[in-house]
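Down below is the structure, laid out as structure tokens.
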Amino acid sequence: MTDRMSRRFADLATTEVERLDDRSVLLLPVGAVEQHGPHLPLATDLLLVDAVCDAVVAARGDELDLWRLPSLAYGRSIEHVSSAGTLTLSTSTLLTVLDELAAGVAATPARRLALVNGHGGNTPALLAAARDLRLRHGLLTFVLRPFAAPGPSEGAEREAGLGLHAGHVETSLMLHTRPDLVRMELAEREIPRQGFAGEASFGGRVAFGWLSQDLTDSGVVGDPTGATADEGAKLFDRIVGRLGDDLADVRAFAFPPRAGEQR
Ligand SMILES: [Zn+2]
């Protein structure tokens, strides 16, 4: 490998794409541009998913043969359209964009496409895409959610499981990665009362459609007021470490042989 090897897919020349192989892992970070309350920037999810992907590629890129695709900045943020600045794709547009990008990936020697999600509202569409892309393009497709349940944190416990948006974790991560964009003097706590109706509550068996204006006046669902850069640094390291382990699993992944199949 030469010094100019950056592990950014789009830095390759067309003649260099052949160095990818069927165990190379292509990362597509998927972000969002949407309201994150008065104290965080619209690009919070994009900035954070970019930062963790850069860090994991720097740490384990050579070992795992990781290649970072340019991020998809926009996601599916329809739950936040009532707030100024939210720029969303519809579900069908997002699925079409992923399908068309995957066609290009399938034309390279690479076969492993990891969708690295930075925004919870993207998850249902990415899960649907993973199966669609497997069928249409024969790729091995994965959805990685590095920010899901990032582990124990005192501040997050105070949110009683409702730190859904612009709360303790996201605010701490932003204080660690982009403190210049955080306005802590504007951070406010807003946690909806639990127990909507038995199982028809967050975490219950009955899911329900919700929009951010159903839950919050400020746009925040959680408690960002105790967020700190120290906490953000700890969370960031844990998230990047775990994402590296998840990508090692992606690299090792194979469907087991079916009964009667000779291997
Ligand atoms: Zn977010």
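Structure notes:
- Scan of the range 37-55 for residues that are in contact with a strand residue (DSSP E or B) (Cβ under 7 Å, 6 or more places away or on another chain) and open to solvent by less than 20 Å² (accessible area, probe 1.4 Å), ordered by number: VAL49, CYS53
- Only one of ASP62, ASP21, ASP54 that is assigned to a loop (DSSP other than H, G, I, E, B) and either touching a Phe, Trp or Tyr at 6+ places or on another chain (Cβ under 8 Å) or away from the ligand (no atom under 16 Å from the Cβ) (or both): ASP21
- The range 215-231 - residue that is of a type outside the set (D, E, K, R) and part of a helix (DSSP H, G or I) and, of those, least open to solvent (accessible area, probe 1.4 Å): PRO224
- Qualifying positions in the range 75-107 - closer than 25 Å to HIS165 by Cα, surrounded by fewer than 15 Cβ atoms within 10 Å (Cβ to Cβ) and without any contact (Cβ under 8 Å) to a residue 24 or more places away in the chain: SER90, SER92, THR93
- Test for ARG178: is it touching a residue at least 12 places away in the same chain (Cβ under 8 Å), away from the ligand (no atom under 16 Å from the Cβ), at negative phi and surrounded by 14 or more Cβ atoms within 10 Å (Cβ to Cβ): no
- Members of the range 24-38 that are within 12 Å of the ligand (Cβ to nearest atom) and more than 18 Å from LEU113 (Cβ to Cβ): ALA32, VAL33, GLU34, GLN35, HIS36, GLY37
- Options ALA110, ALA149, ALA160; residue that is assigned to a loop (DSSP other than H, G, I, E, B), open to solvent by 50 Å² or more (accessible area, probe 1.4 Å), over 20 Å from GLY219 (Cβ atoms) and among the small types (Gly, Ala, Ser): ALA149
- Qualifying position, being over 22 Å from LEU47 (Cβ atoms) and either away from the ligand (no atom under 16 Å from the Cβ) or in contact (Cβ under 8 Å) with a residue 12 or more places away in the chain (or both), among LEU133, LEU115, LEU144, LEU126: LEU133
- PHE236 fulfils the conditions (1) hydrophobic (A, V, I, L, M, F, W, C); (2) outside any loop (DSSP other than H, G, I, E, B); (3) closer than 28 Å to ALA110 by Cα except for a single criterion, (3).
- Residue match in the range 191-199 (condition: surrounded by 11 or more Cβ atoms within 10 Å (Cβ to Cβ) and either of a type in the set (A, V, I, L, M, F, W, C) or not in a loop (DSSP other than H, G, I, E, B) (or both)): yes
- Residue, farthest from GLY118 (Cα to Cα), within the range 41-60, restricted to residues that are in contact with a Leu (Cβ under 7 Å, 6 or more places away or on another chain) and of a type outside the set (Lys, Arg): VAL57
- Scanning the range 181-190 for residues that are of a type outside the set (Asp, Glu), open to solvent by 50 Å² or more (accessible area, probe 1.4 Å) and either in a loop (DSSP other than H, G, I, E, B) or over 24 Å from ASP45 (Cα atoms) (or both) returns ARG183, ARG189.
- Residues of the range 104-116 classified as under 20 Å from GLY75 (Cβ atoms) and more than 21 Å from the chain's Cα centre (by Cα), total: 1
The values are calculated or read from the model by the stated rules, or taken from the named source; none is laboratory data. Remember, predicted model here, so these are calculated numbers, not experimental data. Neighbour counts run over all protein chains shown; Cβ positions are idealised from the backbone, glycine included. Heavy atoms of the whole protein, side chains included, go into the accessibility calculation; ligands, DNA and RNA do not. Shrake-Rupley method; radii C 1.70, N 1.55, O 1.52, S 1.80 Å.
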